[in-house]
Amino acid sequence: MSSVYVIGGSGYTGSELMRILLNHPKVNELTVTARQWKDESVKEKLPHLDTELRFEELNLTKANRSDFVFVCLPHTQAMEIVPKLDTRVIDLSADFRIKDQNKYEAVYKVKHTAPNLLYDAVYGLPEIYRSNIKKARIVANPGCLATGAILALYPLVKNYDAKNIIVDAKTGISGAGKNVTETSHFPNLNENIVPYKLTNHRHIAEMEQELGVDVHFTPQVIPVTRGILTTVHAFVEGDLERVGEFYKKTYKREPFTKILADPPSILAVRGSNYCHIGGFAHEKGRVVLFSAIDNLVKGASGQAVQNMNIMAGWDERAGIEAMGLSP
Ligand SMILES: NC(=O)c1ccc[n+]([C@@H]2O[C@H](COP(=O)([O-])OP(=O)(O)OC[C@H]3O[C@@H](n4cnc5c(N)ncnc54)[C@H](OP(=O)(O)O)[C@@H]3O)[C@@H](O)[C@H]2O)c1
């Protein structure tokens, strides 16, 4: 059994982690911090969580006595905390995902204050880095949009010389965290679709780092709470009838990444750690396919728990076996 410490439990990824960890068969001690709700009852603030826990103030000594620490803070805040931790850490922010310090600083427009840890941190996408994650002390949990795009593209770039890769993602509003913005204000988002970051989205750096190819990416926010539907278009040469076959082969043993014949649906993966990929079609050298994830589960807290399970050598599905909440 293990003790787990969650920093930033008042946010969306932190509360989703609690929902998973409170039912995890290998976690017997859970501590959750939140500055704004210090000493308050978790179930009073988050009534969907049936627990006697109270939010605590951050205590680094206690965090370092835990087997695993999850850091659920905004980028720039995470890199102030992670260097003070000497136990096994899963960071959900962007601070340790980009290996090249100059690239990180150019993309996030801040100085990295812990560059010595960038190469120690393993990019936490189990489908690609399972064996490195097992030995890692620090795991940089991937971005939600990056998870959807990388899983959708990885078998294609591995097996084909793919060019002019265009990725379009429709994302639910919880991807932006719990703070209200102009975009998330109900009258502005309801019955609407809002394109944002038309070029230079920060997650492009992760996609290109992991795939080794140029990616052109534009997201749009849609009026749903959770879910990302990613559409991939790429121009490739070769036997395009076999594309789906390569996907099945690549992800054959994956517990959470599943290949469908039809386009996937964000409803089918809602509340689950699954990534569904499907809808393979091609015309005039263009391949089109889709992935669907829940941004708070496979795109964040579920994948973070999948990484902890791998690091600990437990069943990778422990605590995250739940199927999608559809309809
Ligand atoms: N939302 C998603 O779908 C998603 C997916 C993948 C990755 N992520 C990443 O995961 C991290 C957390 O995201 P989230 O969606 O949970 O954000 P969130 O809902 O905005 O919550 C972040 C929490 O961090 C704490 N915090 C905020 N500013 C802080 C500061 N200056 N110093 C210390 N603590 C601070 C706050 O709690 P207190 O003020 O109570 O301490 C807040 O509740 C971010 O880095 C985000 O990019 C999010």
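The values are calculated or read from the model by the stated rules, or taken from the named source; none is laboratory data. Model, not experiment: these values are computed from the prediction. Quick reminder, even Gly has a Cβ in these numbers, built from the backbone with ideal geometry, and neighbours come from all protein chains shown. Just so you know, the surface numbers come from the protein's heavy atoms only, side chains and all, with ligands and any DNA or RNA stripped out. Shrake-Rupley method; radii C 1.70, N 1.55, O 1.52, S 1.80 Å.
Restricting attention to the chain, close to 45% of DSSP beta bridges with both partner residues there are antiparallel. Using the Cα coordinates of the stretch 233-327, the gyration tensor eigenvalues translate into equivalent-ellipsoid semi-axes of 28, 15, 10 Å, sorted from longest to shortest. Computed over protein heavy atoms with a 1.4 Å probe, the accessible surface of the stretch 170-315 works out to 45 Å² per residue. From its DSSP helices (H runs of at least four residues, each -39,500 (n - 2.57)), the chain gives a residue-normalised ellipticity at 222 nm of -7500 deg cm²/dmol. Contact order, relative form, for the stretch 156-249: 50 percent (alpha carbon pairs under 8 Å, 6 or more residues apart, mean separation divided by residue count).
The 3J(HN,Hα) values that the Karplus relation (6.51, -1.76, 1.60; θ = phi - 60°) gives for the stretch 292-305 are, in residue order, 9, 9, 8, 4, 8, 10, 4, x, 7, 5, x, 5, 5, 6 Hz. Gly and Pro appear as x.
Running a GNM on the chain with Cα contacts under 10 Å, which residue among ILE222, ILE138, ILE166 ends up with the highest mean-square fluctuation? Among ILE222, ILE138, ILE166, the largest GNM mean-square fluctuation belongs to ILE166.
Just checking the listed ones, GLU127, GLU210, GLU80: in the Gaussian network model of the chain with Cα springs under 10 Å, the one fluctuating most is GLU80.
Accessible surface calculations at 1.4 Å, restricted to protein heavy atoms, place the stretch 21-99 at 51 Å² per residue. In this rough spin-label picture, where each label sits 7 Å from Cα along the Cβ direction, the MET323-GLU191 distance is 3.5 nm.
To put it simply, the accessible area of the stretch 7-66 at a 1.4 Å probe is 40 percent carbon and sulfur. P(r) for the stretch 165-265, from all Cα pairs and a bin width of 5 Å, is 2, 10, 16, 19, 20, 15, 10, 5, 2, 0 %, short bins first. Database remark: amide H of VAL89 closer than 5 angstrom to the amide H of VAL69, ILE138, VAL139 (H placed geometrically; neighbours at sequence offset of 5 or more, or on other chains; Pro and chain starts carry no H). Mean projected area of the Cα convex hull of the chain, taken over all directions, amounts to 16.2 nm². For the stretch 106-175, the normalised intensity computed at q = 0.12, 0.20 Å⁻¹ comes to -0.47, -1.07 (log10 of I(q)/I(0), Debye sum over alpha carbons, equal scatterers, no solvent).
For the listed residue pairs LYS109/LYS163; LYS170/LYS197; LYS43/LYS298, the alpha carbons are over 21 angstrom apart in LYS109/LYS163; LYS43/LYS298. Of the residues THR61, GLY11, PRO25, the one whose Cα sits farthest toward the positive end of the charge dipole of the stretch 1-126, with +1 on the Cβ of Lys and Arg and -1 on the Cβ of Asp and Glu, is GLY11. The long axis of helix 144-159 is offset from the longest Cα principal axis of the chain by roughly 40 degrees.
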